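A short worksheet on the structure shown next.
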Amino acid sequence: MTSKFALVIANTEYQDASFAKLTAPGKDAEEFAHVLRDSELAAFDDVQVLINEGEGKIRRFIARVFAERKRDDLLLLYFSGHGMRSEQGQLFLAANDTEISILEATGIPAEFVTYAMNNSHSQRQVLILDCCNSGAFAYGSKAASPVGKSMGIATAFEGSGFGRVVLTATDATQYAWEGIKSLAIRKNPSLPIF
Amino acid sequence: MDAPEALQFNLTISASHKSNEELDYMTRQLLKELRDLEVESAKLVPGDTTPAGAKGMESVTVGAIAIAVLPTMLPKVLEFLQSWSLQGKGRTIRFKGKIASQQIEFEGSFDEMQKLVGLLEKKQKKQKK
């Protein structure tokens, strides 16, 4: 039997004062998880939410959500928070205890996520990165479609469709925004985007 | 005997028909290659302060690298940069810097930079005489 699993990660608080505190990702994550759990909407079987957790715990949960799955299982990983690149251009996701000065040692590298996805038995994977420079996730990988172009997401998972879809908020050089800039497109600014 | 003072300058690369994202990756690759040469330092040039509400802290000026190199190594670095500029169609490099001991400010292309180096070498030879 096919199952749907999701891991929703958001960070708003950071021990390293160099990171600006965020406000929207926590609420966005909770609301997104609500949509995923809703039996009349996404109807996911298992949705785990991590908010303001450290790098070690996040890595473990990412590894677990992709491990020991069946080929038909649908896996979704969502991240909202600070993202930044190393000097060589590799994307890192910032956790609660990530330190900018030693980013490579304390951040979550995109390569780690790619490794977990590549080694999962599941052939139905969705990754959503809502952070700055998130388009750098494709750095060094072979994208099925150029960044910024339509990838036919609507049909990718219809019925028993297989594949991997990666949605990024930005290209490798752009800022992703929380709060006012994204609220501007909403009719009701008090509601999250989901 | 005093150690020679490093020359400090910024180089800005551009390439026709490349997106901002592609140019950024080219810059980072060039930075890595410059560091493999015997330069004193090479780093990305910071951009403006990260705006409030941005989900990231990175801010760099796309295409720009700040470099410090000893005068003796400058010809080798320039030779490398010229080679780099010839590897792709439409690649250009502009230089901007201040050579403290010489009190010379400059801003120009690769050719102009080479002319400047030639002038500096002549000046150094005259001073030795």
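Between B:Met73 and A:Thr2, what is the label-point separation in nm under the 7 Å Cα-to-beta-carbon projection?
With each label point 7 Å from Cα toward Cβ, the separation is 5.8 nm.
Go ahead and run the numbers for FRET between A:Leu167 and A:Leu41, Cβ-Cβ distance against an R0 of 22 Å, rounding to 0.05.
The formula returns an efficiency of 0.80 here.
Compute from the Cα atoms of the range A:1-89 the Rg and the Dmax, the latter being the longest Cα-Cα distance, and quote both in angstrom.
14.6, 46
Keeping the other protein chains in place, figure out the carbon and sulfur percent of the accessible area of the range B:1-86, with a 1.4 Å probe.
51
Let me confirm one metric for peptide B:55-68, namely the mean number of other chain beta-carbon atoms within 10 Å of its residues' beta-carbons.
Per residue, the number of nearby Cβ atoms from other chains is 6 on average.
Amide H to amide H, which residues 5 or more places from B:Gly47 or on other chains are under 5 Å from it, using H placed in the peptide plane?
Result for B:Gly47 returns B:Ser59, B:Val60, B:Thr61.
Show the residues, 5+ positions off or on another chain, whose built amide H is closer than 5 Å to the amide H of A:Ser122.
A:Arg69
Pop out the ³J(HN,Hα) list for the range B:40-53 in order, Karplus 6.51 cos²θ - 1.76 cosθ + 1.60 with θ = phi - 60°, rounded to Hz; leave Gly and Pro as x.
Per-residue couplings from phi come out as 6, 7, 8, 8, 5, 8, x, x, 5, 4, 4, x, 4, x Hz.
What is the distance, in nm, between label points placed 7 Å from the Cα along the Cα-to-Cβ direction at B:Leu120 and at B:Thr92?
Going from the B:Leu120 label point to the B:Thr92 one covers 2.3 nm.
Can you list residues whose amide H is under 5 Å from A:Ile128's amide H, if they're 5+ apart or on another chain and H is modeled 1.01 Å from N?
Long-range HN contacts for A:Ile128: A:Leu77, A:Tyr78, A:Phe79, A:Leu167.
For A:Phe162, what accessible area in Å² do you get when you roll a 1.4 Å probe over the heavy atoms of the protein chains, rounding to the nearest 10?
Answer for A:Phe162: close to 90 Å² accessible.
Sticking with the crude label model, points 7 Å out along Cα→Cβ, report the distance from A:His34 to B:Val45 in nm, one decimal please.
For A:His34 paired with B:Val45, the spin-label model returns 4.8 nm.
Using a 1.4 Å probe and counting only protein heavy atoms, how much accessible surface gets buried when B and A come together, both sides summed, in Å² to the nearest 100?
Chain pair B/A: roughly 2000 Å² of buried accessible area.
Among the listed pairs A:Lys27/B:Lys55; B:Lys76/B:Lys115; A:Lys21/B:Lys55; B:Lys32/B:Lys115, which are separated by more than 19 Å between their Cα atoms?
Table pairs above 19 Å Cα-Cα are B:Lys32/B:Lys115.
Excluding residues fewer than 8 places away in the same chain, name every one of the aspartates and glutamates whose C-alpha is closer than 17 Å to that of B:Lys18.
A:Asp171
About the Cα centre, and with charges only on the beta carbon of Lys, Arg (+1) and Asp, Glu (-1), how big is the dipole of the range A:1-138? Nearest 20 debye, please.
360
When you look at the Cβ of every residue in A:162-175, what mean number of other chain Cβ atoms sits within 10 Å?
3
Excluding ligands, DNA and RNA, what is the solvent-accessible area per residue of the range B:7-128 at a probe of 1.4 Å, expressed in Å²?
57
Dividing the convex hull volume of the Cα atoms of the range B:7-128 by its residue count, what figure in Å³ per residue is obtained?
114
The values are calculated or read from the model by the stated rules, or taken from the named source; none is laboratory data. The structure displayed is predicted, hence computed values, not measured ones. Cβ sites come from the backbone with ideal geometry, for glycine too, and all protein chains shown count toward neighbours. Heavy atoms of the whole protein, side chains included, go into the accessibility calculation; ligands, DNA and RNA do not. Shrake-Rupley method; radii C 1.70, N 1.55, O 1.52, S 1.80 Å.
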